[in-house]
1. Just to be sure I understand, how many residues within region 211-220 are touching a strand residue (DSSP E or B) at 6+ places or on another chain (Cβ under 8 Å) and either assigned to a helix (DSSP H, G or I) or free of Cβ contacts under 8 Å to residues at least 24 places away in the same chain (or both)?
2. It is to be established whether one or more residues within region 22-37 are under 18 Å from ASN122 (Cα atoms), open to solvent by less than 10 Å² (accessible area, probe 1.4 Å) and either outside any helix (DSSP H, G or I) or not charged (D, E, K, R) (or both).
3. Going by the conditions given, is ILE113 in contact with a Lys or Arg (Cβ under 7 Å, 6 or more places away or on another chain) and at pLDDT below 95?
4. With the structure loaded, tell me whether ALA51 is surrounded by 15 or more Cβ atoms within 10 Å (Cβ to Cβ), over 18 Å from the mean Cα position of the chain (by Cα) and farther than 24 Å from GLU141 by Cβ or whether it fails that test.
5. Out of ASP63, ASP67, report the one residue that is surrounded by fewer than 23 Cβ atoms within 10 Å (Cβ to Cβ), touching a residue at least 12 places away in the same chain (Cβ under 8 Å) and in contact with a Pro (Cβ under 8 Å, 6 or more places away or on another chain).
Amino acid sequence: MRFNAFMHPRNPYRNKPPDFKQLAIQDSIFRQFSSQDITGKVMIDFHNPCALQALSCALLRQDFGLDVHLPLDRLIPPVPGRLNYILWLEDLLGGALARQVHGIDIGCGASCIFPLLGATKNNWSFLATEADSASAKLAEENVSRNKLADRIAVVAVDGGGAILLDALHDREETYDFCMCNPPFYSSLAEAKAGRGGGGRSLPSAASTGAVCEVVTEGGEVGFVKRIVRESVLLREKVGIYTCMVGKKGSLKEIREELEKQGVRSIMTTEFCQGMLHLHLYQCMLQHFFLMTQNCFVG
């Protein structure tokens with residue numbers, strides 16, 4: 001795990017990466033997957049999904065007081081990178097942070113990590129949607145286990161339906177933002193090839209995740225385009241629309257869709273974590289914001 005100065009400025013892992021030795025002392029589960037070299041340095045095997053699971057769970061326990069179950073057949077979220085997204089949202093919300101913030105996590109996954117971090121760190125409230133029934137059940141259990149059901153509502157949705165419209169059609173609330181880490185690939189073959197049009201290799205760490213978490217019709221471009229089109233209908237129902245984009249080559253098509261829907265301006269910034277470069281661009285669509293986040297290797 002390599003960290004550098006291009007993570008979010010307020011990310012505590014930016015200048016102080018996880019102390020594996022201390023984690024091994026404090027966390028018995030993490031200790032099972034750690035080893036020590038002749039210099040005394042403690043390390044883990046990043047190609048072992050069980051080690052990644054133990055690391056993420058240990059960081060969530062030690063640094064955020066969260067008890068999260070991360071199944072090995074679903075995505076195991078890297079905590080520092082996920083925290084970058086929350087910190088970026090803090091920057092975008094600005095003055096709104098002085099009041100109660102309400103957000104939407106599209107596809108919260110089994111971990112429900114974004115709502116858990118946002119609710120624990122900032123006392124935000126979340127509507128967390130999930131199309132996979134097994135992941136939705138696990139997400140609800142993670143929320144309940146951490147006694148956050150008063151701030152996080154997990155809602156199972158139809159994966160073949162609208163992304164936001166169906167979940168929001170009978171809700172009177174307005175939301176300050178939505179966030180999303182969509183499936184990158186358009187087919188299982190594309191996912192297995194580890195190429196996404198950007199000509200880059202996948203990260204060297206072990207890959208986990210169910211097919212529904214990594215594959216969607218039209219890939220991430222198709223998914224983000226659907227969010228853009230729904231945002232035109234929802235308008236002020238959601239204040240800020242944000243999304244991660246995993247393939248550099250996707251940006252051109254997404255930009256074209258944004259312009260087609262009336263984008264007035266685009267701003268970009270970048271976060272980096274190890275081999276991951278997170279490119280964020282911010283777009284003015286009519287009279288609200290649409291932001292997408294691009295992370296790719298190389």
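The values are calculated or read from the model by the stated rules, or taken from the named source; none is laboratory data. The structure presented is a predicted model; accordingly, all values stated were derived computationally and were not measured. Here Cβ is always computed from backbone atoms with ideal geometry, including for glycine, and neighbour counts include all displayed protein chains. Side chains are part of the model used for accessible areas, which takes the heavy atoms of the whole protein and leaves out ligands, DNA and RNA. Shrake-Rupley method; radii C 1.70, N 1.55, O 1.52, S 1.80 Å.
1. Step one: of region 211-220, the residues touching a strand residue (DSSP E or B) at 6+ places or on another chain (Cβ under 8 Å) are 214-216, 219-220.
Next, only the ones that are either assigned to a helix (DSSP H, G or I) or free of Cβ contacts under 8 Å to residues at least 24 places away in the same chain (or both) stay: 214, 219-220.
Adding up the residues that qualify gives 3.
2. Quick first cut of region 22-37, residues under 18 Å from ASN122 (Cα atoms) only: none.
Within region 22-37, none of the residues are under 18 Å from ASN122 (Cα atoms), open to solvent by less than 10 Å² (accessible area, probe 1.4 Å) and either outside any helix (DSSP H, G or I) or not charged (D, E, K, R) (or both).
3. On the way: in contact with a Lys or Arg (Cβ under 7 Å, 6 or more places away or on another chain): yes; at pLDDT below 95: no.
No.
4. Values: surrounded by 15 or more Cβ atoms within 10 Å (Cβ to Cβ): yes; over 18 Å from the mean Cα position of the chain (by Cα): yes; farther than 24 Å from GLU141 by Cβ: no.
Judged against the criteria, ALA51 is not a match.
5. Working: ASP67 fails: in contact with a Pro (Cβ under 8 Å, 6 or more places away or on another chain).
So the residue among ASP63, ASP67 that is surrounded by fewer than 23 Cβ atoms within 10 Å (Cβ to Cβ), touching a residue at least 12 places away in the same chain (Cβ under 8 Å) and in contact with a Pro (Cβ under 8 Å, 6 or more places away or on another chain) is ASP63.
Residue-wise test of (1) of a type in the set (Gly, Ala, Ser); (2) under 13 Å from LEU117 (Cβ atoms).
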residue	(1), (2)
ASN11	no, yes
GLN26	no, no
PHE30	no, no
SER35	yes, no
PHE64	no, yes
PRO77	no, yes
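This table checks each residue for (1) under 14 Å from ASN11 (Cα atoms); (2) part of a helix (DSSP H, G or I).
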position: SER56; (1), (2): no, yes
position: LEU75; (1), (2): no, no
position: GLY81; (1), (2): yes, yes
position: LEU97; (1), (2): no, yes
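Yes or no, residue by residue, for (1) surrounded by 18 or more Cβ atoms within 10 Å (Cβ to Cβ); (2) modelled with pLDDT of 80 or more:
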residue: PHE223; (1), (2): yes, yes
residue: SER231; (1), (2): yes, yes
residue: LEU234; (1), (2): yes, yes
residue: LYS237; (1), (2): yes, yes
residue: LYS248; (1), (2): yes, no
residue: SER265; (1), (2): no, no
residue: LEU278; (1), (2): yes, no
residue: MET291; (1), (2): yes, no
residue: CYS295; (1), (2): yes, no
